[in-house]
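Quick notes on the structure that follows.
Read-outs throughout are calculated quantities, based only on the coordinates presented, and are distinct from any laboratory measurement. What you are looking at is a predicted structure, and each value in this text was computed from that prediction instead of being measured. As a convention, Cβ positions derive from the backbone with ideal geometry for all residues, glycine included, and neighbour counts pool all protein chains shown.
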Amino acid sequence: MTRSDNAGSKAWSKKRRDVQDQTGDEMTRTAFGALVGLTAMILVGQVLVIQGQTATGRILGTVRDSTGAVLPGATVSATSLETRAVRTVVTDVAGTYQILSIAAGDYAVEATLSGFQTATRSPVTVTVGAAAVANFDLSLGGVTQDVTVTSEVPQVTTIDASLGGLVGEREVRELPLNGRDWLQLTTLEAGVKGGIGQQSAASFSNSRAARGNGLALSISGNRPTGNVFLVDGLVVNDFANASPGSGLNVNLGVEAVREFRVLTNEYTAEYGRSTGGVVTAVYKSGTNAFHGSAFEFLRNSALDARNFFDAERPDFQRNQFGGSAGGPVRKNTTFLFADYEELHETKGLAHNSDTLSPDARNGLVCVAAGGNACASKTPIPIAPRIIPYLAFFPIANGPITGDTAKFIFAGNRIGLERYAVAKIDHNFSNRTTISGSVQYDNTDESQPDPYNLKRTGSPSRHANGVVTLQRVFTSHFLNSTLVGASHSHVTDALDTSAIDPIATNSSLGFQPGVPAGILAVAGLTGTQGGIGSSGSDILDYTSFQVGDDASWITGRQTFKFGGKVERIHYDKNSLVGAPIGEYDFDTVALFLQGIPGQFRTDVPGTDDVRGLRTSYTGFYLEDGFAVRSNLHITFGLRYEYVAPTTEVSDKVAVLVAPGSAVPKTGGAYFNTTTKNFAPRLALGWDPSGDGTTAVRAGLGVYDVLPFPYLMENRTNSFPYFEEGTVNSPPAAAFPTGGLALITPSSLRASYVEQDPQRAYMTQWNLTIQRQLAGSAALTAGYVGSHGTNLPRSIEDVNQVPPSLVTTSADGHLVFPTDPSARNGGPIPRINPNFSRIAATVWDDSSTYNSLVVDFNKRFSRGLFFKAAYTWSKSMDLGSNTFSDNESTNTSGSPYAFLPGLQRGISDFDIAHRFVLSYSWNIPMPESFVGTAHALLAGWELGGIFSAQSGPPFTVTLQTDQARTGDSRVRSTSGGQRPDFNPSAPGCTVNAINPGNPSNYIRTECFSFPALGTLGNLGRNTLRGPGLSEFDASLFKNWSLTRDRMRTQLRIEAFNLFNTPNFQAPKTKIFDGSGRVIATASQLTSPTQTSERQIQLALKLSW
């Protein structure tokens, strides 16, 4: 390493902590492992927890006499109205009782005491993850006298500080859902933002699969990788630590899911594995009454509107059909439920791709003058070696802009998904129950590339299974044990077949015996190459889980304690670089002349087949204490540990410092901390003492755990994986000479910080909740958080050392440049032994502040209604965790060694969001009978309205104009930015023209920096368009028999007003010559939401 290399490493390391002594670390881990093993042996079968109670709820309350005096020793029983299962407890000296870990459903709760009338409250509805309050006032009287109380249970939560809400069975069943994806309903809660920066399901190759197929959710200012998703208590997060979803980007199961709860801010210690939200769902169960459904949902483009980018309305046909059934196998004892669904889809996707203009195809290219990017045109010779490759660029059939023109077509996405769920419950007695559920889905999906040359698919499979055993030892102590496994098989950008023969033509290959690789040209959509060039991922993720919950009530205290053990297998086969080569050209003119700016390729024979392994262990202890009847304090302590990630064949290769000459091989990718002790404190105060008002506050620490997804792009490193990059290759290298230029110093390596500090979030809230009427409640509060030592991805850290960087008089960073040499000459990088060095470091920080307001009217008199508003701001040093293109609006770092340059608004920041949902059974006069009743009764209206401000984005450069050495500048997430022109008329850093999609970005507000100078524009200074969408439904219900059998006709309209909701752009505005790219100011397809689509359905329920 040179002196400057050492200086650069020291300059960066100075911003970080001193590394602990390696020997001491090993001794610590050895001792810790022994402690964990001993503790595990003691706790097995007793208190190994996997948060079993998250699939259940509880009933609590106080029993008093008619004078208000508490009644100790009263017997309280809860009887399920669905299965007749009974749970019984006795009130304590304060007259209070708790029935813990009780299945979701309706109950009749009865209070009895000798000398008093028996009182019953029915129905008392228990929901997942929540407490239902049922208080009793017993009157003197004989034991044979029974009083039934029918008043509603209060909605106000007075005993903890958690924020969030329940999405009940009625909401899941009745609200309009595009794709019938029940996870979409999580966005009904304040503080939840869905799909921000997530690639549209209509985008080519569905490459979002590598970042999680399910809906990306940012909850309370956390990254989408910070949430945990549980179904029947089983963690079902996928390989990206994101929400589950299929290759069609939906999460089916509307007929199978009973309800789910979204916790947006949570302060109990029993929840782990999460820094953001907790989504916990339960499947339906069989009951003593047979129940079920059969349904078919239909879509046809004949009923739909035209999308903003459609030249004509493309074909769209979708059929979703299936059925569910549940009932008793043995009455009051054993129950079974099952659901099966299929989704068949053929959808025309509107492609508006940028190809060569007719003039450019013939060698006539634009010449810029003044502010005009195409003031005139000049002929240039087309290199003979380029001519065969012009066929990869389709003939334009749309508008022409400079050297580019539109190629417009509608390519069919074809999808098939099969989904099944089965659940069995058995009551051995009122004290011992067991339940088990299995879920499986299998999806096939494919669609054409942007130039209609080949089809690429993302098939997927998921399988989950869980068994839970619960034992009530006494009315004050119970235990719940869980064993399960979750498996995901996901593929991403898998080339399946050729549409045009050129996609299989090996005579055009950049390597022997394979088709052509990728051709990327500034300003053009670019070819995706031939078969095998897309860079697929084949990912298999399995999580084996075992655990148990224990709860003990003594006096005014409720103790909960337990732990969790999880074994993770992550097997990946990734060719995400340039499997058969890629040539990048910095302008259209340079492409036509055959002068590439960069070549990169995977070396033939290399592979990234890896088997990653790790384990998770978590323990917690929690004490909920009733200081007074109207004041509750909960204190908890959670400990979590994730073992260092290893590889089954020991194919681990990472640099221990950016300037290391050789990688460390074998062992773990990095060491993990053992200091993850996370205290949590919550306070709930009922100032009036009547359960109608609550003041709540919480403070907690939540660890950002190092699961294997952090190493998603760090397994492909020399010497076990060989990908080479050559900058400014000679013109003669195209098309087949690039591979010969790959030398050891042009290969890719990975740097991973070896001893990262503890990464964690500190969260707090203060809220007030008020019961406004018998069925409505209002919540308002403040939610904040601060992130420390968060993981951050830098996709090429092999850049100029800080010691060689100077600052100009006007504040610009200036990098070494030789004006007499091509592109400024060789760049002195920090590590001359490699080309690209992809890095993962733990140096990010974040802040989040928000106001949340929630109004919730639960179902009564035929109406439920919910409105939620969030006003928030989130900032960080980069929202990316494991890649520089996790989101469509992510921008990489402009210079790796100054992380402060990335300080800005988070990629997922939405300043304002409002969402309203409702369902109304339209009343009918009782005087209507006969035909009038048949026609006018049973109508139901529903809807979801969402409105939010736009997400942030950044404009960037095509080439390494600053000469930092970053090889990723040309990628879609390259981070070099232009200069901002504050003196230009009307310009601000948010240089946009709202409401003008054809000229949305004001390119005149930016300028091309001088060679060797880093542009001064900040990250995420511009804002994309906002979103406004209204989904509506109209149902007609007919009762077929005197019991519960009914038929429902459904008409649903998604995006009823056909509002075009554009995605935030990720735009390069200058090509390599400094000329404004002709299409840079435009918003591009696809839209964030679909055009208006109509869905018809017929459903039979019983």
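What list do you get for Leu590, Leu766 if you sort them by fewest beta carbons within 10 Å? Let's see the in-between values first.
On the way: Leu590 21, Leu766 16.
Exposure proxy ranking, most exposed first: Leu766, Leu590.
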Over the range 499-618, volume per residue of the alpha carbon convex hull, in Å³: 192
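Can you tell me the length gained on complete extension of the stretch Val367 to Asn981, counting 0.36 nm per residue apart and subtracting the Cα distance?
Numbers: separation 614, 0.36 × 614 = 221.04 nm, distance 2.29 nm.
Going from the current span to full extension adds 218.7 nm.
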In nm, the gap between the two label points placed 7 Å beyond Cα toward Cβ at Lys675 and Gln317 is 6.2
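Using every Cα-Cα pair within the range 947-1003, state what percent have a distance larger than 17 Å.
Working: 832 of 1596 pairs.
Across the range 947-1003, Cα pairs with separations above 17 Å total 52 percent.
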With no solvent term and unit scatterers on the alpha-carbon positions of the range 309-393, Debye gives log₁₀ I(q)/I(0) at q = 0.16, 0.26 Å⁻¹ of -0.88, -1.18
Summing +1 per Lys or Arg and -1 per Asp or Glu among the other residues with Cβ less than 11 Å from Ala190's Cβ gives +1
Any idea how far the Cα center of the range 463-531 sits from the one of the range 390-407, in Å? 31
Give me the angle, in degrees from 0 to 90, between the Cα long axis of helix 3-13 and the longest principal axis of the Cα atoms of the chain, rounded to the nearest 10. 20
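Given the rule -39500 (n - 2.57) for each run of at least 4 DSSP H residues, summed and divided by the residues of the chain, what is its mean residue ellipticity at 222 nm, to the nearest 500 deg cm²/dmol?
Details: 6 runs with 56 residues, N = 1102.
Computed ellipticity for the chain at 222 nm equals -1500 deg cm²/dmol.
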Which distance in nm do the two modelled labels at Thr333 and Leu1098 give, with both placed 7 Å along the Cα-to-Cβ direction? 4.1
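Could you give the length gained by full extension between Asn300 and Thr474, i.e. 0.36 nm per residue of separation minus their alpha carbon distance, to one decimal place? Present the calculation step by step, with values, prior to reporting the outcome.
Numbers: separation 174, 0.36 × 174 = 62.64 nm, distance 5.78 nm.
Stretched fully, the Asn300-Thr474 segment lengthens by 56.9 nm.
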Could you work out how much longer the chain between Leu936 and Leu863 gets when fully extended? Use 0.36 nm per residue separation minus the Cα distance between them, nm to one decimal. 24.5 nm
For the range 906-979 and the range 69-93, what is the centre-to-centre distance using only Cα atoms, to the nearest Å? 45
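Please work out the Kirkwood hydrodynamic radius for the range 445-527, using every pair of different C-alpha atoms, and report it in angstroms with one decimal place.
Details: mean 1/r = 0.0578 Å⁻¹.
With all distinct Cα pairs of the range 445-527 included, I get 17.3 Å.
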Out of the DSSP beta bridges found with both residues in the chain, what percent are antiparallel (nearest 5)? 95
Cβ density ranking, 10 Å radius, fewest first, applied to His487, His786 yields His786, His487
Go through 375-386, 430-441 and give me the packing order, highest mean Cβ count within 10 Å leading. 430-441, 375-386
Projected onto the charge dipole of the range 491-559 (+1 at Lys/Arg Cβ, -1 at Asp/Glu Cβ, origin at the Cα centre), which of Thr525, Ala493, Val514 gives the Cα projection farthest towards the positive end? Thr525
Report, for the range 56-153, the % of DSSP beta bridges that are antiparallel, rounded to 5. 70
Cα pair count fraction exceeding 17 Å, expressed as % - the range 56-153: 44
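When DSSP beta bridges are limited to those with both residues in the range 208-363, what percentage is antiparallel, rounded to the nearest 5? Write out the running numbers ahead of the final one.
Working: 32 of 36 bridges.
Here the share of antiparallel DSSP bridges comes out near 90 percent.
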The range 210-277 versus the range 1017-1057: alpha-carbon centroid distance in Å: 22
Karplus-derived 3J(HN,Hα) from phi for the range 129-134 (6.51 cos²θ - 1.76 cosθ + 1.60, θ = phi - 60°), whole Hz, x at Gly and Pro, runs x, 9, 10, 9, 9, 10
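Please identify the GluC sites (Glu not before Pro) of the range 154-203 that satisfy two criteria: DSSP loop assignment and at most 13 other Cβ atoms within 10 Å. Which are they?
Working: sites: Glu169, Glu171, Glu174, Glu189; in loops: Glu189.
Answer by residue number: there is no such site.
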Once phi is turned into ³J(HN,Hα) by the Karplus curve 6.51 cos²θ - 1.76 cosθ + 1.60 with θ = phi - 60°, what whole-Hz value does each residue of the range 782-798 show in order, with x for glycine and proline? 10, 10, x, 7, 9, x, 10, 6, 6, x, 9, 9, 10, 7, 7, 9, 7
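If you take the beta carbon distance between Gln557 and Ser66 as r and set R0 to 22 Å, what does 1/(1 + (r/R0)^6) give as a FRET efficiency, to the nearest 0.05?
Numbers: r = 29 Å, r/R0 = 1.30.
The value I calculate is 0.15.
Return Phe619, Phe865 ranked ascending by Cβ neighbour count within 10 Å, so the fewest neighbours appear first. Walk me through the numbers before you get to the answer.
Details: Phe619 23, Phe865 16.
Exposure proxy ranking, most exposed first: Phe865, Phe619.
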Specify whether the C-alpha gyration tensor of the range 429-582 places it in the rounded, prolate or oblate class, a ≥ b ≥ c being the square roots of the eigenvalues: rounded for a/c under 1.5, otherwise prolate if a/b is larger than b/c and oblate if not. prolate
Could you sort the peptides 338-347, 531-540, 324-333 by per-residue average Cβ neighbour count (10 Å cutoff), highest mean leading? 531-540, 338-347, 324-333
For the range 163-288, the spread of Cα positions along each principal axis, largest first, Å: 48, 32, 24
Under 5 Å between amide hydrogens, which residues at least 5 positions from Leu138 or on another chain qualify, with H placed 1.01 Å from N in the peptide plane? Arg64, Asp65, Ser66
Please report Rg (one decimal) and Dmax (integer) in Å for the Cα set of the range 786-901. 22.4, 81
As I understand it, the dipole of the range 56-153 uses +1 on the Cβ of Lys and Arg and -1 on the Cβ of Asp and Glu, about the Cα centre. Which of Thr112, Val86, Ser139 lies farthest toward its positive end? Val86
Inter-label distance, nm, simple model (7 Å from Cα along the C-beta direction), Leu637/Thr847: 3.1
Whole-number Å³ per residue for the convex hull built on Cα positions in the range 350-445: 211
Both in Å, the radius of gyration and Dmax of the C-alpha trace of the chain are 30.6, 106
If one compares the long axis through the Cα atoms of helix 22-43 with the longest principal axis of the Cα atoms of the chain, the angle in degrees, nearest 10, works out at 30
